[in-house]
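Note sheet for the following structure.
We did not get these values from a lab; they are worked out from the coordinates using the rules stated. Everything numeric in this text was worked out from a predicted model, so none of it was measured. Neighbour counts are summed over all protein chains in view; Cβ atoms, including those assigned to glycine, are modelled from backbone coordinates with ideal geometry.
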Amino acid sequence: MDDDFGTLLERHRREIRVHCYRMSGSLAEAEDLTQESFLRAWKGRAGFEGRASVRTWLYRIATNVCLDALARRPRRALPDELGAAGDPSGMPAALDVPWLGPIPDVLLDPDVLLDKAAPDDTGAAVVERETIELAFLATIQHLPPRQRAALVLRDVLDWSAKDTAAALETSVASANSALQRARETLRTRLPARRADWASAATTTAEEAALLRRLIAAYEAGDPNAVAELLAADARAVMPPYALWFDSRERIVAALRTSMDPESPYFTGWFRMVAVRANRQPAVATWVCRPGENVFRRFGVSVLTVENGLVTALAAFETPSFEPYGLPETLVWMS
């Protein structure tokens, strides 16, 4: 019986991890929160009475695990929320603050075998409809944890007011009040029309062509070629560095320094591959530093593309390429 119950729990790990990621804004933290949620569920399995589905029961547990964790730390942010745009000639300084991070699309996609085997898993399609773009995640980080939970449960997972209140261990009136305050914050921080910030589930042909040109420009160390692909008001952030840029001019000025082998700030030579993260086009990057002969994992840059140009670029230093199914190093091929 315990083995069967453990198998039933595991069928929901993917969507519970997505839920924890949305609540926390960090894949690493979401993994820990998911593990804690499943541990609590396993320890409390004797108390599961079957009045709700296992999925609903797990979401309640995971929501409260997330609320406990969020009460102990400040919200996650991106650099452009913490100060004014910087001077491209300045030296970037790393800040030790909780940063928002990306999640690879491969972790958002359903495990078909498991989902087909889960008779009570009505959430498979819901996860695919979830809003997971960086713009949305950055916005809901401004919400107090209980408002964030109310918004996700009601407007993302489509829970009833009654079920949401039960998950939050509060009254329906209190849960509805938290939801209304959360919606008001979103109205002031997100575009009026949802389609303005929602992304397609797959990379379009136009985006794929742009990514090929962007990768070629970076690998050639050609800032002018990069400039052709950026909107005039493009923004670039690079957590954990506080320095960020608010225009194509500033982004390209910084690239001229970092791409110049004669510059003391030369980053190195790049190799890139197109990936997807947060339902947005992205590139994974390796860099070969001066004096080395191997390309090492550098990070993942998540792009916002509008009208054939990059309007926003979030370059994250990534602790591992394993979630993307990519190697940590590449051999130098001259």
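Which ordering of ASP80, ASP155, ASP87 is given by a fewest-first count of other beta-carbon atoms within 10 Å?
On the way: ASP80 18, ASP155 14, ASP87 11.
The order, fewest Cβ neighbours first, is ASP87, ASP155, ASP80.
Which one, (i) 16.3; (ii) 22.7; (iii) 18.5, gives mean projected area of the Cα convex hull in nm² as derived from the coordinates shown? Answer by label: (iii). Please work out whether the range 244-334 counts as rounded, prolate or oblate from its C-alpha gyration tensor, where a ≥ b ≥ c are the square roots of the eigenvalues and a/c under 1.5 means rounded, while otherwise a/b larger than b/c means prolate and anything else oblate? It is oblate, given that a/c is not under 1.5 and a/b is not larger than b/c.
Zone of MET91 (label point 7 Å along Cα→Cβ, backbone N under 18 Å): which residues in the range 238-253? Counting backbone N atoms under 18 Å from the label point, the list is 240-244. Residues of the range 222-240 falling in the label zone of GLU262, defined by backbone nitrogen less than 19 Å from a point 7 Å along Cα to beta-carbon, are 222-225.
Is it possible to state the helix-based mean residue ellipticity at 222 nm for the chain, with each DSSP H run of 4+ residues giving -39500 (n - 2.57), the sum divided by total residues, to the nearest 500 deg cm²/dmol? What is it? Display every interim value, and only then the final one.
Working: 13 runs with 137 residues, N = 334.
Here the helix-only value at 222 nm equals -12500 deg cm²/dmol.
A straight line joining the Cα centroids of the range 203-256 and the range 1-43 runs 36 Å.
Whole-Hz Karplus values for the range 36-48 come out as 5, 4, 5, 5, 5, 5, 5, 5, x, 4, 5, x, 6 Hz, taken residue by residue from phi with 6.51 cos²θ - 1.76 cosθ + 1.60 and θ = phi - 60°; glycine and proline positions read x.
Just to be sure I understand the model, the point goes 7 Å from the Cα along the line to the Cβ. What's the resulting ALA209 to VAL273 distance in nm? For ALA209 paired with VAL273, the spin-label model returns 2.5 nm.
In percent, how large is the relative contact order of the chain, given Cα pairs closer than 8 Å and 6 or more residues apart?
Values: 525 pairs, mean separation 56.3, N = 334.
Relative contact order of the chain: 17 percent.
With a sphere of radius 13 Å drawn around the Cβ of GLN280, what net charge do the other residues whose Cβ falls strictly inside it have (Lys, Arg +1; Asp, Glu -1)? Intermediate results must be reported in sequence, preceding the final value.
Numbers: positive: ARG276, ARG279; negative: ASP105, GLU133, GLU207, GLU306.
With Lys, Arg at +1 and Asp, Glu at -1, the net is -2.
Taking all Cα pairs closer than 8 Å and separated by 6 or more residues, the relative contact order of the range 219-273 comes to 34 percent. Note that the range 256-261 has calculated 3J(HN,Hα) couplings of 4, 6, 6, 9, 8, x Hz, one per residue in order, obtained from phi through the Karplus relation 6.51 cos²θ - 1.76 cosθ + 1.60 (θ = phi - 60°); glycine and proline are x. A Förster radius of 41 Å, combined with the Cβ-Cβ distance separating ASN176 from ARG40, puts the computed FRET efficiency at roughly 0.95. Distance from a point 7 Å along Cα→Cβ of ASN307 to each backbone N in the range 224-243: keep the residues under 19 Å and list them by number. Under cut-off, by backbone N: 227-236.
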